[in-house]
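Participant: Please find one structure pasted underneath; my questions will follow.
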Amino acid sequence: MPERRAASEAICRRLRASPFYWSARRIAFFWPMGPEVDLLALLHSALRHGKLCYLPVMRRDGGLCFVRFREGDPIVPNAQRIPEPRFRPQDELPATQLDLVCMPLAGFDRTGTRLGMGGGYYDRAFSFRLHPHNRKPRLVGVAFACQELPSIPREAWDVPLEALVTEREILSF
């Protein structure tokens, strides 16, 4: 769909121009699925600029970990048919050591609350961010402007975003 592709390109440009992108060395992206924002152009640009890029991988225990991605690494569907790199223990990075995480979502509001796909994977992976002394990594949602909702109830386990990037603006929370 040309509109979605153009909006994804605009989101990539906004992210690339942001200070939180340029100050990050270790960045977690995601492989786009269905209606999600496509950040692959930014992922490849980040690799060319010497940034270390990571993609989420679902563990057998239902948790989420982050595995280093290099140009040319194969992407395969997992048991839930979500594209991810093959898990290599030597390439796993603890979530606490990431600098920036680009998070997919189904909806967002202007308080930094995100609506995910319902599995709670990102909330569990970054639950340590619920404690005020944990400042890293920076959690940035990426979404199309049309995914904004008036309000999303926030549960105690919901990890809020620090910023959100759409094709129209960057919101800071």
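Nothing in this text is a laboratory measurement; each read-out follows from the coordinates by a stated rule. Keep in mind that what you see is a predicted model, and the values were worked out from it rather than measured. Using ideal geometry, Cβ is built from the backbone for each residue, glycine included, and neighbour counts are taken over all protein chains shown.
Participant: I need the strands (runs of 3 or more DSSP E) fully contained in region 130-173, keeping only those with at least 1 residues that are touching an Asp or Glu at 6+ places or on another chain (Cβ under 8 Å).
Facilitator: Here the list reads 138-142, 170-172.
Participant: With respect to the numbered conditions (1) surrounded by 14 or more Cβ atoms within 10 Å (Cβ to Cβ); (2) in a strand (DSSP E or B), which one is the sole condition not fulfilled by VAL76?
Facilitator: VAL76 satisfies all of (1) surrounded by 14 or more Cβ atoms within 10 Å (Cβ to Cβ); (2) in a strand (DSSP E or B) except (1).
Here's the yes/no breakdown for (1) farther than 18 Å from TYR121 by Cβ; (2) outside any strand (DSSP E or B); (3) without any contact (Cβ under 8 Å) to a residue 60 or more places away in the chain; (4) out of contact with any strand residue (DSSP E or B) (no Cβ under 8 Å at 6 or more places or on another chain):
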residue: ARG4; (1), (2), (3), (4): yes, yes, no, yes
residue: ILE11; (1), (2), (3), (4): yes, yes, no, no
residue: ARG14; (1), (2), (3), (4): yes, yes, no, no
residue: PHE30; (1), (2), (3), (4): no, yes, no, no
residue: ALA41; (1), (2), (3), (4): yes, yes, yes, yes
residue: ALA46; (1), (2), (3), (4): yes, yes, yes, no
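Participant: Now, a different point. For region 112-148, which positions are closer than 19 Å to ARG4 by Cβ, small (Gly, Ala, Ser) and surrounded by 15 or more Cβ atoms within 10 Å (Cβ to Cβ)?
Facilitator: GLY141, ALA143
Participant: Okay, next question. So if I check each of ASP91, ASP99, which one is among the acidic types (Asp, Glu), surrounded by 11 or more Cβ atoms within 10 Å (Cβ to Cβ) and farther than 30 Å from CYS146 by Cα?
Facilitator: Answer to the check: ASP91.
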